[in-house]
Structures are given as C-alpha cells and as structure tokens.
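Engineer: Take this structure first; my questions come after.
Rule-based calculations on the coordinates, nothing more; no lab input. Keep in mind that this is a model prediction, so the values were computed, not measured. Don't worry about glycine lacking a Cβ; one is built from the backbone with ideal geometry, like all the others, and counts go over all protein chains shown.
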Amino acid sequence: MFPIRDNVPARRAPFVTYALITANVLVFLLQSGLPREMLEQIAYLFGVVPARILQPVWAYRVGFPPGAPMTLITSMFLHGSWFHLISNMWAMWLFGDNVEDRLGHFRYTVFYFLCGIGAMLTHVFLNPTSTVPAVGASGAIAGVMGAYFIFFPFARMIVVFPVLFYPMFFELPAVLYLGLWFFSQIVGGTASLAIGTQRGGGIAFWAHVGGFFSGMFLSRAFCCNPRGRHRPYWERDEYFPW
C-alpha cells in the first residue's frame, strides 16, 4: 500500500518540513554527478557503519577517520537512489506537515533529529558487527509517523494498492495504515536478523522500528504549549471524522 493523502489540514505552513525536503533533495543532486567510487566513499564516511561506532579500535585500524557519532546525523541526508529519495520525501511531506503543526517549528526540528538518532542507534545495536553503511531519512520519518499515530489516529488515509496490475484506491483510518506499516517493519526486521544484515535487502527495518517507537515516546514529551501544559491530542475536527 502506498499513501496518497490524508484529510487533516495543516493550520500553518510547515517551514521545517519544506527545509528538510529541500536539503535532502539538494544533497542528492550533488551526489548524482559523482562517480560511483566517490559515492561509496561518501556512504562509508557519512553513513552509519555499526562496527565503526561500536568498535572504534577496528575502525581506526582500517582507516576510518574520527567522528563516527556525527554520522548518526549526516546519514539522514544521504540516499541511495531516486526511488529511495522520493519515497522518503513523499512520506515526510504527507505526515510531517501535521506533526510540525502540532509540535511547532523548533520542537519539531529537535524531535525529528532525535527520532533519527534513535532509529540509527537501534540499527547499530541490533547489527553490531555490520560493516555496511546505512543511509537515508527513513528512520527520522518513521519517528514522524509514530507521532502521527499518536496525534491523529482517526485521520483518514487514501492509499493505493495494485490488484492484478490495476491501481485500487482505498480509504483507511491512519491507525490501521500505520499499524500495518509498523507490523511489516517488524516482520522484515525479524527476517533480516534471520538471514543476516549483509543479505537483508538493503532496508534497515530495525531503524524504522526504532524511529517509530522514538516518535511515539517523544511525541508526548514534545507536545505541550509554552506554559508547559500538554495540548489535546485531537483537534475538534479530528474526532472520529468518519
């Protein structure tokens, strides 16, 4: 299933979401003109390599420079293909505006990066010996989806699902769509552990799981007004809209 749109309007312009999408696209455009060998070097230097973080002595011996913790952030702006970039940016566009609207620009910025860090740390600790770099904004975006799951469970999602090569459109509550998506990440992550990270299909499923959990947990802490009182989780027009 691929989400097309939701029915929750943003009440203010999501400037941070726009800025994050622009930054990711610009970085990818800069990457696209580089030779393959240089792209691999960038992935290893700025992507998250679990063994580099957990085994600093090994990393030094094989020639990695210092600064492994910073890759938890720099990896969020690297993508391996146009499909990787577009699918991530579409999800950020779809879910990010409403979550930013609920949290506010500054808190949303901090929230986004903390979710991304939580996602990558989950990947690192579940794949401690992996020497394959993990890149992409999907872990942080999974955190945004986790917050959406908490804030807007009764929103309606329009999704497309191919049936015998024909696109079929369905309307689902956000809680069901996101629940199914999260379950698929659990299944994929369990399978990747069974067959080994090196052959796991290139998707950091556990980063998605860690990001989603981070978003669910942090959303409650970040969703409060300037006086410190928590804002209601649902606006008046979000109660059981069906």
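Engineer: Show me the helices (runs of 4 or more DSSP H) entirely contained within region 20-73 in which 3 or more residues are within 19 Å of GLY136 (Cβ to Cβ).
Structural biologist: 36-46, 50-54
Engineer: Contact list please: Cβ distance under 7 Å, first residue in region 106-131 and part of a helix (DSSP H, G or I), second residue of a type in the set (D, E, K, R), pairs at least six apart or on different chains.
Structural biologist: As it stands, the answer is TYR108/GLU100, since those pairs meet every condition given.
Engineer: Let me ask you something else. Take the residues in region 61-93 that are over 24 Å from LEU34 (Cβ atoms) and surrounded by fewer than 13 Cβ atoms within 10 Å (Cβ to Cβ), then tell me which one is nearest to the chain's Cα centre (by Cα).
Structural biologist: PRO69
Engineer: Hey, can you tell me all the residues within region 118-142 that are more than 20 Å from PHE83 (Cα to Cα) and buried (at least 22 other Cβ atoms within 10 Å of the Cβ)?
Structural biologist: If the condition is that a residue be more than 20 Å from PHE83 (Cα to Cα) and buried (at least 22 other Cβ atoms within 10 Å of the Cβ), then GLY118, ALA119, MET120, THR122, HIS123, VAL124, ASN127 are the ones that fit.
Engineer: Take ALA191 and tell me if it is part of a helix (DSSP H, G or I) and either surrounded by 23 or more Cβ atoms within 10 Å (Cβ to Cβ) or touching a Cys at 6+ places or on another chain (Cβ under 7 Å) (or both).
Structural biologist: no
Engineer: Using beta carbons and a limit of 8 Å, which pairs, at least six apart or on different chains, have the first residue in region 11-26 and over 15 Å from PHE95 (Cβ atoms) and the second one of a type outside the set (S, T, N, Q) and loosely packed, with under 15 Cβ neighbours inside 10 Å?
Structural biologist: none
Engineer: Does ILE150 satisfy the criteria of being touching a Pro at 6+ places or on another chain (Cβ under 9 Å) and either surrounded by 24 or more Cβ atoms within 10 Å (Cβ to Cβ) or over 20 Å from ALA68 (Cβ atoms) (or both)?
Structural biologist: No, not satisfied.
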